[in-house]
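Reading through the structure tokens given below for one structure.
Read the figures in this text as sums done on the coordinates, not as results from a lab. What you see is a predicted model; the values in this text were computed from it and never measured. Please note: Cβ atoms are built from the backbone with ideal geometry, for glycine as well, and neighbour counts cover all protein chains shown.
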Amino acid sequence: MKSLQQAISCVSDYDPDALPVAKANEVIRSFVKPIAGLEKLPVRAALGRVLARDIVSPIDVPSHDNSAMDGYAVRGEDLIAGAAVTLVEIGTAFAGKPFAGEVKRGECVRVMTGAVMPRNTDTVVVQEVVTAEGRSIAIPPGQERGQNRRLAGEDLKKGRPALRAGRMLRPADIGLVASLGIGRVSVRRKLRVAFFSTGDELVPAGKKLKAGEVHDSNRYTLWSMLARLGCEVIDLGIVRDEPKKLEAAFRRAAASADAVVTSGGVSVGEADFTRQMMAKLGEVAFWKIAMRPGRPMAFGHIRSRGRSATLFGLPGNPVAVMVTFYHFVRGALLSMMGRSDTDLPLLRAKAETPMRKKPGRTEYQRGILQAKNGEWTVRLTGAQGSGILSSMSEANCFVVLRHEQGAVKAGDDVDVMLMDGLV
Ligand code: AMP
Ligand code: MG
């Protein structure tokens, strides 16, 4: 395994006290590796899981040429360009009940959608345009040879990869696997992620607050974000700001999980004793990231009882937890799960109002994206403080203000990242 120092040494101009978002992600991505370990699951149980091996088509789909419409299967050579023809109907083919005979010159077969193309036919004339009188079928001019016919293998070709390893299986993939007749698939095992909140002021939901206390909300947002990513979550509760208790929690996490996500304890006032402990447990870097919200963060790995886990020490402020999770942790955990597609697209939208922004840091403001008069526009949710969790709840997107970007004027285009794609 690569050491954190090695991952860091690959990054140019590394400054842990003013680290641009892109550089922090460079270190993180070059450090994390996909977990080993597969399981073979029935197709439906694999929904949302990461495919571990390519699926190669064992068959052509469809397996035979077949009709795309209800109508009449004809021989292309019987059609005359620009003229009507009359053919004799000699039978019917249904989906699942092919026509057994052979079609000779001047003949046609009634076909239903999905029926195998009768021998010698290559074209389907839809029933709406023909005039049938008994078995005599009059076909108007203007038919094209090969029309309304689906070719064997036009969806999936035998011997070709149908789905590549590394993709998360979506509903269409589950159906596609079934269309190949495959009943079980190899997926990566679930990633185990431990998490806990730190802070002497924290009180679990359900208990009354005393002066100066706050309810622990981070463990709930963290649980939700991890669960949506498809991780197996291990909740280690609230841990007090005491070195012994923190060390015990980190050791338990390292021994039981692939990754550990914590909130709080990395800000300037608290980082010193966390830092000392981390030096004992593993290799962890403490960063001040050039971003807003979410400046302090710890990243590295910790060990206990011969096992090791990747550590993400997130800030304590509720919005900062979510922002750093989505922009650092999410992609790293997906890579560890074996996902090959971890990036999210940015859209462009017109700012409805001015937005304050200083060059030299990336900002993730919370926005509401709307279609207005045929174009995307975005406005902010209101106060953008890192403790205002309602700004995340109201938002449907992040307005991503790039590192070098300055203030935004009303009417300027800005980058927007949809929250729906994140979860
Ligand atoms: P810290 O990073 O530990 O200094 O915490 C920064 C701010 O976030 C403080 O106001 C904390 O009270 C608050 N905070 C820390 N942890 C949590 C949590 N689990 N739930 C809600 N607020 C928190
Ligand atoms: Mg704290």
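What's the exposure ranking of E270, E363, E102, going from fewest to most Cβ atoms within 10 Å? Please report the intermediate quantities before stating the final value.
Numbers: E270 16, E363 23, E102 11.
So the residues, fewest neighbours to most, are E102, E270, E363.
Using a Förster distance of 22 Å, how high is the FRET efficiency between A383 and A410, based on the Cβ-Cβ distance and rounded to 0.05?
Values: r = 19 Å, r/R0 = 0.85.
E between A383 and A410, to the nearest 0.05, is 0.70.
With a point put 7 Å past each Cα toward its Cβ, work out how far A95 is from S224 in nm, to one decimal.
4.2 nm
Give the order of T310, T353 when sorted by the count of other beta carbons within 10 angstrom, beginning with the fewest.
Numbers: T310 26, T353 12.
The most exposed by this proxy come first: T353, T310.
Which of rounded, prolate or oblate describes the stretch 310-390 when judged by the alpha-carbon gyration tensor and an a/c cut-off of 1.5? Could you put the intermediate results ahead of the total?
Numbers: a/c = 2.39, a/b = 1.42, b/c = 1.69.
Oblate.
Run through the DSSP bridge list for the chain and note the antiparallel percent, rounded to the nearest 5. Walk me through the numbers on the way to the answer.
Working: 63 of 92 bridges.
Of the beta bridges lying entirely in the chain, close to 70 percent run antiparallel.
Please give, to one decimal in nm, the separation of the simple spin-label points placed at L47 and V129, each 7 Å out from Cα toward the Cβ.
In this crude spin-label approximation the distance works out to 4.1 nm.
Which whole-Hz couplings ³J(HN,Hα) result when phi for each residue of the stretch 324-339 is put into the Karplus expression 6.51 cos²θ - 1.76 cosθ + 1.60, θ = phi - 60°, listed in order with x for Gly and Pro?
5, 4, 5, 9, 10, 6, 3, x, 5, 5, 4, 4, 5, 6, x, 6
What translational D, rounded to a whole number of µm²/s, comes out for the chain from Stokes-Einstein when the hydrodynamic radius is the Kirkwood one over Cα pairs, at 37 °C and 0.692 mPa s? Display every interim value, and only then the final one.
Values: Rh = 25.8 Å.
Stokes-Einstein gives a translational diffusion coefficient of 127 µm²/s.
Efficiency by 1/(1 + (r/R0)^6): what FRET value for K350 and H215, r their Cβ-Cβ distance, R0 = 51 Å, to the nearest 0.05? Working shown, then result.
On the way: r = 38 Å, r/R0 = 0.74.
According to the calculation, E is roughly 0.85.
Extension gain S9-V268, at 0.36 nm per residue separation less the Cα-Cα distance, in nm?
Here the segment from S9 to V268 would lengthen by 90.8 nm.
What lysines does K357 reach when the alpha-carbon gap must be under 26 Å and sequence neighbours fewer than 8 apart in one chain are set aside?
K23, K288, K372, K409
Suppose only helical runs count, i.e. DSSP H with n ≥ 4. What mean residue ellipticity at 222 nm does that imply for the chain under -39500 (n - 2.57) per run, divided by all residues and rounded to the nearest 500 deg cm²/dmol?
-6000 deg cm²/dmol
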